[in-house]
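Working notes for the structure below.
Every number here is computed from the coordinates shown, using simple stated rules; none is lab data. If you're wondering where the values come from, they're calculated on a predicted model, not measured in any experiment. Here the Cβ positions follow ideal geometry from the backbone for every residue, glycine too, while neighbour counts run over all protein chains shown.
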Amino acid sequence: MLKKFLFLILMLVSLVCKSNALSFSDRLHFEAAAGTGVKMHGITPLDYSFKLNVDVAPRFYVSVVTETEKSLYKDDKIKTYFNGESLGGGMGYNFYDNNNSSHVLGIRTKIMSSIFKADCKRTTYDVFLSWYTKSGGISPVVELGYRYIKSHSAQLRNYSNVYMTLGVRY
């Protein structure tokens, strides 16, 4: 499923050159964010992500995402964590983005899978509402949504939670 999703994103990115009159650099945006969610099964998620967004249409964009995960928990009254890296892709649609306002509201989805030697292998599915401001430079980004994590390890159960990220966009 992840391979099909990433293939779809690759195909949409290939349409970039013909889909918008702006130059490629005008349609390229970077985001860095930190996120956390509600504690579930004794685990509190903490993630740091970096996204590369490319506008493929005036309101539609695709993303390549990398994320560092820290799953905080207690083991016999000792605070510890699972560590991992994920790589994936996503897409978004800005449903409120007009010329009279500097605010943009949208919906984003992404799928990521563990890479390298993660303590707990997992696949992450996200759906977010997003807000950011249009500016010529750095602007804040806020995402609030739902995250489902499918575990591929015995140490971590599948879980879902409400999730929030705060970051910057350039």
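Checking residue 48 against (1) of a type in the set (Ser, Thr, Tyr); (2) within 10 Å of the chain's Cα centre (by Cα); (3) more than 17 Å from residue 127 (Cα to Cα), which test does it fail?
(3)
With the requirement that a residue be touching a Ser or Thr at 6+ places or on another chain (Cβ under 9 Å) and either exposed (fewer than 14 other Cβ atoms within 10 Å of the Cβ) or not in a strand (DSSP E or B) (or both), what does region 68-82 give you?
74
Out of everything in region 67-100 that is of a type in the set (A, V, I, L, M, F, W, C) and touching a residue at least 40 places away in the same chain (Cβ under 8 Å), what residue ends up being farthest from residue 53 (Cα to Cα)? Steps first, answer last, please.
From region 67-100, those of a type in the set (A, V, I, L, M, F, W, C) are 72, 78, 82, 87, 91, 95; that's our starting set.
This time we only want the ones that are touching a residue at least 40 places away in the same chain (Cβ under 8 Å), so: 82, 91.
On the way: 82: 28, 91: 8 Å.
Looking at residues that are of a type in the set (A, V, I, L, M, F, W, C) and touching a residue at least 40 places away in the same chain (Cβ under 8 Å), I get 82.
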